[in-house]
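I have placed the structure first, in the form of structure tokens, so that the comments after it can refer back to it.
The values are calculated or read from the model by the stated rules, or taken from the named source; none is laboratory data. Please read these numbers as outputs of a predicted model, since none were measured by experiment. Don't worry about glycine lacking a Cβ; one is built from the backbone with ideal geometry, like all the others, and counts go over all protein chains shown. Protein only, heavy atoms only, side chains kept; ligands, DNA and RNA dropped before computing areas. Shrake-Rupley method; radii C 1.70, N 1.55, O 1.52, S 1.80 Å.
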Amino acid sequence: MSSYTAPPSSGGGHAGMTRDKAGFFHKGDFKPSCPGLYATSVLKADYVERDYDETIYSAAQCKELSFKVECHLSTAFVTATSKWVVPAALLKQGGKASACSFAVPLSPNGTVTSISASMKKKQIASCVVPVADTKGFKGTRFGRNVAEPMPTHPEVFAITIPSVPAGETVDITVTYFQPLAFVDGAYVLEAPTTLPPGALPPNAHVSSVLSFMATVRSAYPGPVAIECKTHPTTLVQAGSGVTQIMADPREGPWPNCNIVLRMPVWADHVVAAAVQQPAPRGPTQDIRSAFAIAIAPPRPERCAPFPRSVVFVQDRSGSMSGSPMDSANEALITGLRMLTPADKFNIIAFDNLQEYFSPEGLVAASSEALEAAVRWVHTACKARGTTDIMTPLQASLNMLAKSGASGSVPFVFLITDGAVDNEREICNMMIQAQQHKPVGGMATLPRVCTFGIGRYCNHYFLKMLANIGRGMSDAAFTPNRIAFQMCALLSAARAPVLTDVVLGIPGGGAGVEVYPFPIPDLFVGSPVMISGKIQGGLPPMVELKGRLASGVEWSQQVQVVEDLGNNALNIPLDKVFIKQRIDLLTGQAWLQQEKSLEAEVVSISVQYGVPSAHTQMCAFETTRRRADSLDKAQRAGKKISLAKYAVGGAAGVLVVGALAGVGFGDIGASLGNLPCDIGSVGAAMGGVLGGLDFDIPDIGGCDGCGDPAGCGDCVGGIFGDGCGDVAGGCADVGGPVLAALEPCLGSIGGCLEGVAGIAGGLFECVSGMVSENL
């Protein structure tokens, strides 16, 4: 099963290392390299190399580190259990009990869902609760006495473990999930398995401490291919659509590095597959079946992508000054070099004013024009002014309408670090733009991709804007991530192969909910994952339609495979896309200013234990007896009062604040042009670990280790044999939210005229948007 060849250098990675573009650690960063127990100290600013303090992590001794991973379609769920012993030499008080930090390195989009720790006389647990229930939580059992959440950072999750005795074993379990990267036609998982210096017991090998098992579930029938070149692996079991492997301790020595798995999906043509699970058992308000539909792109040499008409809308406001502006310009130039001679482009640099690379409109992406654009970026994209997003966005849409290339897919790439006071108006403007027919011979309506920089922009606004425009959205919170992640977004969108994707469900179905909605386009560098819930389950076959670059309509009948459970899998299908569902509902609630949707977000977040903008993860000291009682109450679906289960009552509960950086923006900070980045990981973690102070012993250095058929029967991603216009068939329920439509469906264009304030509000009305006979 393994494609492992030879181990690389086994030098241990640690918190003095940075990642290269492949994601591996190198010297210079202050991030922990694996989930572990660390003593911390502060490296003071020297105002030569750093004008800020850095947090230094020194690992305790690791007795055991076990990873169990379930990769479901495009999401990895990780359970990391470990045993650590803190040597007396690490503790400043010379062997007495002292606070340590449990820290987990995360991918930028990773989400921690639970943390637990146990010692002889202490047990720590966690729970997700509504923000409204956190009043009075001060974290006194964790050395704090304030109600605010702990400072957080998107690349490191850290929590204080109080009063850890020297020499005592601490058992820690953390669960988290993260989207899989898609690189060169394969989903890629990188697990943070690099043990830091000092973590291995004397004369121990990595394989004697580390264990790793991964189960990969695909929507496609047949065997699932898994490649691993970092470690030897062996097959545990395999079945249709499921493969399980483990790192093989019989082959060695293992290198001390991150384990990287690669799951190829590129094929010779567009391939789709569907899988569903029965309705969940037990206490739950939602008894619908969960389903997922995957659409895989062909390899580049087997497809003809659409040409693109691209407008880059680059923020150059004063808050972008310094490394954020430099990194964004670097990525923008990379995006320019990704254009082909068949593409057209322009650039708008904006603050409170706008400047255009080509005032006349889009220009052909010739080598001469691209080199001129690179020179222009260096001179025009310099930080200044405040932020106006509406004007350049409107200009980009007008520009695409007037000078976009015939047969092309029009794109707007918005890069910003700011929040503005007319974000809802911007979304409504984009909704209106999506109701018109393509102009200028272009293949479809404008696609909008957004990239947020730092903590002050409204990330839910950017996600909603991209969702409305059937585009992609990403964000970076530290300067070192801007260029890499922005380039990844631009690369993913460089080759569209299938546009205006719609889903047909024979019989219409009841209570259908689809995410993302509308369904995004398919790119060579970005597969499409559709998830949803439906009353009674999907029929045996569904149909997908879209448009190819040739102008030909593509369609495929997709068999729905029933997933009745597998003894290798523990994560239910409806949890696979729960973060996407929560994020889009949160954005929808923000856009519509709808409290009932916020309540739905809270309910889903608490039910699945996934933090959201309206809930918080909280940690608390407890006892085994209380922890068992809490578990029973959660399983029964009861409302939880943490004070009942926490030692020290409500005041002892710590609000962790697991969603770092992601929020609704700060208009005041944007107007004041405050620096947009959170800063380095170490600097930010100094606030998380504030009062911890340890002597750092010498433990050795590191050796460097639209409408595809034109018939008007499509509704934002769901289609059927409509029977006419439904302009009068929409009920106005709870404001600008569409109610279920009549079973026969035609064009929804007239209906949307009166609901311009809705973006994701179509989620709940999908049940009426499908025909009863395809």
Point to revise | Every pair of residues 6+ apart whose Cβ atoms lie under 6 Å, when the first sits in the stretch 625-653 and is farther than 22 Å from Pro149 by Cβ while the second is modelled with pLDDT of 90 or more and part of a loop (DSSP other than H, G, I, E, B) | key: Arg626/Tyr645
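Sort out which residues of the stretch 620-652 are crowded, with 22+ Cβ neighbours inside 10 Å and over 30 Å from Gln588 (Cβ atoms), and write them in order of number.
Once the filter is applied, which keeps residues that are crowded, with 22+ Cβ neighbours inside 10 Å and over 30 Å from Gln588 (Cβ atoms), the stretch 620-652 yields Phe620, Glu621, Thr622, Tyr645, Ala646.
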Practice item. Evaluate the following for Ala225: is it over 24 Å from Pro105 (Cβ atoms) and either at pLDDT below 90 or acidic (Asp, Glu) (or both)? Key: no
Point to revise | Filtered residues of the stretch 501-529 (kept if assigned to a strand (DSSP E or B) and farther than 22 Å from Ile604 by Cα) | key: Val501, Val502, Leu503, Gly504, Leu522, Phe523, Ser526, Val528
Review point. Has the stretch 542-563 got any residue that is under 21 Å from Lys463 (Cα atoms) and of a type in the set (Ser, Thr, Tyr)?
Key: no
Exercise for review: State all residues of the stretch 108-133 that are closer than 21 Å to Ser605 by Cβ, part of a loop (DSSP other than H, G, I, E, B) and open to solvent by 20 Å² or more (accessible area, probe 1.4 Å); if no residue qualifies, say none.
Suggested key: Pro108, Asn109
Check your understanding: Which pairs do you get when a residue that is closer than 26 Å to Ser126 by Cα, found in the stretch 581-605, comes within reach of a residue that is of a type in the set (S, T, N, Q) and outside any helix (DSSP H, G or I), reach meaning Cβ atoms under 7 angstrom, with the pair 6+ apart or on two chains?
Key -> Ile582/Ser612; Thr586/Ser612; Val601/Ser612; Val602/Thr615; Ser605/Ser612; Ser605/Thr615
Check your understanding: What is the number of the single condition among (1) closer than 26 Å to Ala495 by Cβ; (2) touching a strand residue (DSSP E or B) at 6+ places or on another chain (Cβ under 6 Å); (3) open to solvent by 10 Å² or more (accessible area, probe 1.4 Å); (4) not aromatic (Phe, Trp, Tyr) that Gln535 does not meet?
Key -> (1)
Revision key, fill the gap. Residues of the stretch 546-566 being closer than 18 Å to Ile505 by Cβ and open to solvent by 50 Å² or more (accessible area, probe 1.4 Å), in sequence order, are Ser555, Gln557, Gln559, Val561, Glu562
Point to revise | Flag for Ser358 being over 18 Å from Gly318 (Cα atoms), outside any helix (DSSP H, G or I), among the hydroxyl-bearing types (Ser, Thr, Tyr) and open to solvent by 60 Å² or more (accessible area, probe 1.4 Å) | key: no
Review point. List, please: which pairs have Cβ atoms under 9 Å, are six or more places apart or on different chains, and start with a residue in the stretch 418-430 that is under 15 Å from Ser396 (Cα atoms) and end with one that is in a loop (DSSP other than H, G, I, E, B)?
Key: Ile426/Ile389; Ile426/Val420; Cys427/Gly757; Cys427/Ala759; Met429/Ala756; Met430/Pro446; Met430/Gly469; Met430/Ala759
Review point. So, in the stretch 414-431, of the ones that are of a type outside the set (S, T, N, Q) and in a loop (DSSP other than H, G, I, E, B), which residue ends up surrounded by the fewest Cβ atoms within 10 Å (Cβ to Cβ)?
Key: Asp421
Check your understanding: Which ones in the stretch 388-413 are assigned to a helix (DSSP H, G or I), of a type outside the set (A, V, I, L, M, F, W, C) and open to solvent by less than 10 Å² (accessible area, probe 1.4 Å)?
Key -> Pro392, Ser396
Check your understanding: How many residues are outside any helix (DSSP H, G or I) and out of contact with any Asp or Glu (no Cβ under 9 Å at 6 or more places or on another chain) when one looks only at the stretch 472-493?
Key -> 4
Review point. For the stretch 548-636, which helices (runs of 4 or more DSSP H) that fit wholly inside it have 1 or more residues that are hydroxyl-bearing (Ser, Thr, Tyr) and more than 26 Å from Ala292 (Cβ to Cβ)?
Key: 595-608, 624-635
Exercise for review: Give the residues of the stretch 345-355 that are open to solvent by 40 Å² or more (accessible area, probe 1.4 Å) and not in a loop (DSSP other than H, G, I, E, B), sorted by residue number.
Suggested key: Gln354, Glu355
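Can you spot a residue in the stretch 461-477 that is over 20 Å from Val412 (Cβ atoms) and out of contact with any strand residue (DSSP E or B) (no Cβ under 7 Å at 6 or more places or on another chain)?
Yes, the stretch 461-477 has at least one match.
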Check your understanding: Of all the residues that make up the stretch 199-219, how many are open to solvent by less than 50 Å² (accessible area, probe 1.4 Å), of a type outside the set (S, T, N, Q) and closer than 29 Å to Asn109 by Cα?
Key -> 9
Check your understanding: Which residues, counting only those in the stretch 31-44, are assigned to a loop (DSSP other than H, G, I, E, B) and open to solvent by 20 Å² or more (accessible area, probe 1.4 Å)?
Key -> Lys44
Study note, to complete from the structure: Scanning the stretch 364-382 for residues that are within 16 Å of Val313 (Cα to Cα) and open to solvent by 40 Å² or more (accessible area, probe 1.4 Å) gives His378, Thr379, Lys382
Review point. What number of residues within the stretch 58-105 are open to solvent by 50 Å² or more (accessible area, probe 1.4 Å), touching a helix residue (DSSP H, G or I) at 6+ places or on another chain (Cβ under 7 Å) and over 30 Å from Leu180 (Cα atoms)?
Key: 1
Practice item. Please go through the stretch 134-158 and pick out each residue that is more than 26 Å from the chain's Cα centre (by Cα) and either of a type in the set (Gly, Ala, Ser) or surrounded by fewer than 21 Cβ atoms within 10 Å (Cβ to Cβ) (or both). Key: Lys135, Gly136, Lys138, Gly139, Thr140, Gly143, Arg144, Asn145, Val146, Ala147
Practice item. For Thr173, work out the one condition from (1) of a type outside the set (Gly, Ala, Ser); (2) over 20 Å from Ala117 (Cα atoms); (3) at pLDDT 90 or above; (4) open to solvent by 10 Å² or more (accessible area, probe 1.4 Å) it doesn't fulfil. Key: (2)
Check your understanding: Do you know which of the residues in the stretch 433-471 that are assigned to a loop (DSSP other than H, G, I, E, B) and within 17 Å of the chain's Cα centre (by Cα) is surrounded by the fewest Cβ atoms within 10 Å (Cβ to Cβ)?
Key -> Gly471
Exercise for review: Pairs only if they're at least six apart or on different chains, beta carbon under 7 angstrom, first in the stretch 79-90 and more than 13 Å from Ser101 (Cα to Cα), second charged (D, E, K, R) and crowded, with 17+ Cβ neighbours inside 10 Å; list them, first residue then second.
Suggested key: Thr79/Lys68; Lys83/Lys63
Review point. Got at least one residue in the stretch 470-477 being closer than 25 Å to Ile293 by Cα and of a type in the set (A, V, I, L, M)?
Key: yes
**Study point:** Flag if Ala651 is part of a helix (DSSP H, G or I), closer than 24 Å to Met119 by Cα and in contact with a Gly (Cβ under 8 Å, 6 or more places away or on another chain)
**Key:** yes
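Identify all residues within the stretch 237-254 that are over 29 Å from the mean Cα position of the chain (by Cα) and either modelled with pLDDT of 95 or more or within 22 Å of Thr194 (Cα to Cα) (or both); write none if there are none. Quick ask: steps written out before the conclusion?
The initial filter retains those residues of the stretch 237-254 that are over 29 Å from the mean Cα position of the chain (by Cα), namely 237, 248-254.
Result: Asp248, Pro249, Arg250, Glu251, Gly252, Pro253, Trp254.
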Revision key, fill the gap. Residues of the stretch 515-540 being at pLDDT below 90 and β-branched (Val, Ile, Thr), in sequence order, are none
